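A short reminder: the numbers here are calculations on the coordinates, not readings from a lab. Note that this is a predicted model, so its numbers are computed, not measured. Please note: Cβ atoms are built from the backbone with ideal geometry, for glycine as well, and neighbour counts cover all protein chains shown.
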Amino acid sequence: MATPKRSLRERAVEGVVFSGGMASIVLVALIFLFVLKEALPLLKDYPLSRFLTDRGWQPTLAPPEGPWFGLLPNVWGSFLVTAGAVVLSVPLALSTAVFTSEVAPSWLRDMLKPLVELLALVPSVAIGFVGAVAINPLVKDLFGLDTGKSAIAGSIMLAFMAAPTIATIAEDAINAVPRSFRDGSLALGATRWQGISGIVLPAAKPGILAAVMLGVGRAVGETMVVIMVTGNAGVLPDKGIWYAFTHSVRTITGTIGAEALEVANGEPHYRALFMLGVVLFTITFVLNAIAHYSLGKGDRRAQA
């Protein structure tokens, strides 16, 4: 009699898990469809070609000069702060993951791992406040700028937010590499570092790539920090890349967060913000797809 009851309980749990998973998929799909429905009417008044190519975002500019709903300055700002965050966070996060999983003694590992995970729980508004109070003045003095609100300040703060996520997932990927890989490299005469760099890290590469993609996804989707530290200038600069990094930029999330509550329902400005949401959804889907493919590739390689 115990076996049928247990089987029924297992089927019930499987049904609950399956229903929860399907509900999540349906909810995300409904949100995307709603955003798309609200965004598409913009194309009646503002052609898609202009939205994709205009170099400015000035929604309050009066006709005939405006308004401007240019995607380029928003995408450019998001790219700058995200690229800077990746350059800063990935080496730090991977070094942390390797040290925690391969080098640190067990007592130190037990201390470091929870601390790294706790960093991911710091509220973004607190990180943004620290950036506005401490990092912006530091960037201003260090580079001799008129104001410290810049893409580089946003990159520093987003790197602080993305690093714990990357480090935690990368550490799990490294720990998933079989112990026999390490023992085999030592048996063949390799040093410990040669085994880590030549055997363990390549074997964990799909999981590490997935960790980086998820960290990038968090950086792309962050709102409060970029509003507080980047300055939100909606103009595409004509000068070099360093000028762009050291001056104010506007990101997709910053634009939506700063202006969403100031527009009337149904206006072109309202529709343009939803169109930015469609672009942000698309970027997020692509990043998640890359991460999912990387994890799946790692699982197939492990099974082979």
Between M224, A93, Q58, whose Cα lies farthest towards the positive end of the dipole of the chain when Lys and Arg beta carbons carry +1 and Asp and Glu beta carbons carry -1, centred on the Cα centre? A93
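Let me know the shape class of the chain, please: from the alpha-carbon gyration tensor, a ≥ b ≥ c as square roots of the eigenvalues, rounded when a/c is under 1.5, otherwise prolate if a/b is greater than b/c, or oblate.
Oblate, since a/c reaches 1.5 and b/c is not below a/b.
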What is the Cα centroid distance between the stretch 189-218 and the stretch 140-167, reported in whole angstrom? 26 Å
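The stretch 171-244: which trypsin sites (Lys or Arg not before Pro) are DSSP loop and have at most 10 other beta-carbon atoms within 10 angstrom?
Values: sites: R179, R182, R192, R218, K239; in loops: K239.
Here the trypsin sites (Lys or Arg not before Pro) that fit, given the DSSP loop and packing criteria, are K239.
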Positive-end residue of A187, I25, F245, charge dipole of the chain with Cβ unit charges: A187
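Between S95 and L261, what is the FRET efficiency for a Förster distance of 35 Å, r being their Cβ-Cβ separation, to the nearest 0.05? List each step's numbers first, then the result.
Numbers: r = 41 Å, r/R0 = 1.17.
Efficiency computed from Cβ-Cβ geometry: 0.30.
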Can you list the GluC sites (Glu not before Pro) in the stretch 29-111 that are in a DSSP coil and have 14 or fewer other beta carbons within 10 angstrom? E65
Lysine pairs meeting the criterion (Cα under 30 Å, 8 or more apart or interchain), as found in the stretch 40-303: 6
Measuring from the longest principal axis of the C-alpha atoms of the chain, the long axis of helix 106-119 (C-alpha) lies at a number of degrees, nearest 10, equal to 20 degrees
Alpha-carbon Rg/Rh ratio, for the stretch 122-191, with Rh computed the Kirkwood way: 1.32
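Which value at 222 nm does the chain reach when only helices count, each DSSP H run of 4 or more adding -39,500 (n - 2.57), with the total divided by all residues and rounded to the nearest 500 deg cm²/dmol? It would help to have the intermediate numbers written out before the result.
Details: 15 runs with 215 residues, N = 304.
Estimated from H runs of four or more residues: -23000 deg cm²/dmol.
What size of dipole, in debye to the nearest 20, comes out for the chain about its Cα centre when the only charges are +1 on Lys and Arg C-beta atoms and -1 on Asp and Glu C-beta atoms? If you can, show how the numbers build up before the last one.
Details: 23 positive and 20 negative charges, 194 e Å.
Dipole of the chain, to the nearest 20 debye: 940 debye.
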